[in-house]
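First up is the structure itself, then whatever we jot down about it.
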Amino acid sequence: MNEFQTKRIGVFDSGVGGLTVLNELYRQLPRESILYFGDTARLPYGTRSKAEILQFVREILTWMNEVGVKMVIMACNTSSALALDEVRSEFDFPILGLILPGARAAVKTGRRIGAIATPATAASNAYRQAILEIDANVHVWQVGCPEFVPLIEQNRLRDPYTRQVAMDYLRPLLENQIDTLIYGCTHYPHLAPVLKTILPPQVHLINPAYYVAKAAARELQLLSLDNQGGRCLPHTRFCVSGDPQRFSQLSRQWLPEPPNTEKVYLSDTRLASMPLNAVDL
Ligand code: DGL
């Protein structure tokens, strides 16, 4: 074992979306220890500018570097779409994003592919570009879904209003008869029970979280960074920039055990925080 193998994998998102990636890591890489960061003081990311996302991502990666991680997974499509290419070369550890693994998986099943994503990810065209680079003959539709993240972060998963909003977002994709749908935001698999009641059963659902975990496993092995002798139970350090109790409370429904969450200060996140659109968290 080398000294890096027992280090943590850094995983970050704006909030609870990255837990869908974390759960895939628990399943596929049970020996690895994770440092999870949710930038809850500054969510949602999906209505932010590229400059803001770049600044936040650099702050998070700098902090993770100081804490000491062997790899970082951006468990956030918005960061992957807007910042990954620029920041990848700025740090010494490997940094993985969701767009390419998601796009690769989608072209395996789909000819008519829909992607639901945050407004920033949809506007970036990241999924369309990645998919068409692999296969220029498929059709791609992207829909920005600004209300989903606030509704999930407010735990309004079973609210009839959420179903109504989901129907509105999915309508254009259903009209175009998609055969495959990408969860283009890591928060959205939390809505799977709702979305599955609206989508026809033949539509393939692609969760990029599954594929990025597979890519992480491959990369760790390739670089001899995989933890071969480590603990077998999930052992995760949870940190947020906002209210730790709030995060613990909301997260426990998606985690094998209730998390202990610490508050960390990356920069003055209170100054940078902004209210959620039309909702009060
Ligand atoms: N879950 C993140 C993503 O995949 C960020 C969502 C948000 O904060 O708007 O894009």
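Points worth noting:
- Gyration tensor (alpha-carbon) shape descriptor, region 50-107, a/c threshold 1.5: oblate
- DSSP-assigned coil residues among chymotrypsin sites (Phe, Trp or Tyr not before Pro) in region 6-58, each with at most 13 further Cβ atoms within 10 Å: none
- Mean-position separation - Cα centroids, region 86-160 and region 181-228, in angstrom: 11 Å
- Dividing the helix sum by the residues of the chain, where each DSSP H run of 4 or more adds -39500 (n - 2.57), gives a mean residue ellipticity at 222 nm of -12000 deg cm²/dmol.
- Most mobile listed residue (ILE182, ILE53, ILE134) in the chain, GNM with C-alpha springs under 10 Å: ILE134
- Note: relative contact order over the chain, using C-alpha pairs below 8 Å and six or more positions apart, is 28 percent.
- Most mobile of VAL165, VAL11, VAL140 in a GNM of the chain (Cα contacts under 10 Å): VAL165
- Of PRO208, PRO258, PRO30, the one that fluctuates the most in a GNM where the chain has Cα springs shorter than 10 Å: PRO258
- Note on GLU66: accessible area approximately 140 square angstrom, rounded to 10, probe 1.4 Å, nucleic acids and ligands left out.
- Region 115-194: C-alpha gyration tensor shape, a/c 1.5 cut-off, then a/b vs b/c: prolate
- Heavy-atom accessible area order for ASP13, ASP243, largest first, 1.4 Å probe: ASP243, ASP13
- FRET efficiency, 1/(1 + (r/R0)^6) with R0 22 Å, evaluated for GLN129 and GLU219 via beta carbons: 0.45
- Cα-based shape type of region 135-251, given that a ≥ b ≥ c are square roots of the gyration tensor eigenvalues and the cut on a/c is 1.5: oblate
The values are calculated or read from the model by the stated rules, or taken from the named source; none is laboratory data. The structure presented is a predicted model; accordingly, all values stated were derived computationally and were not measured. Every residue, glycine as well, gets a Cβ built from its backbone with ideal geometry; the counts of neighbours run over all protein chains shown. What goes into the accessible areas is simple: the full protein's heavy atoms, side chains included, and nothing from ligands, DNA or RNA. Shrake-Rupley method; radii C 1.70, N 1.55, O 1.52, S 1.80 Å.
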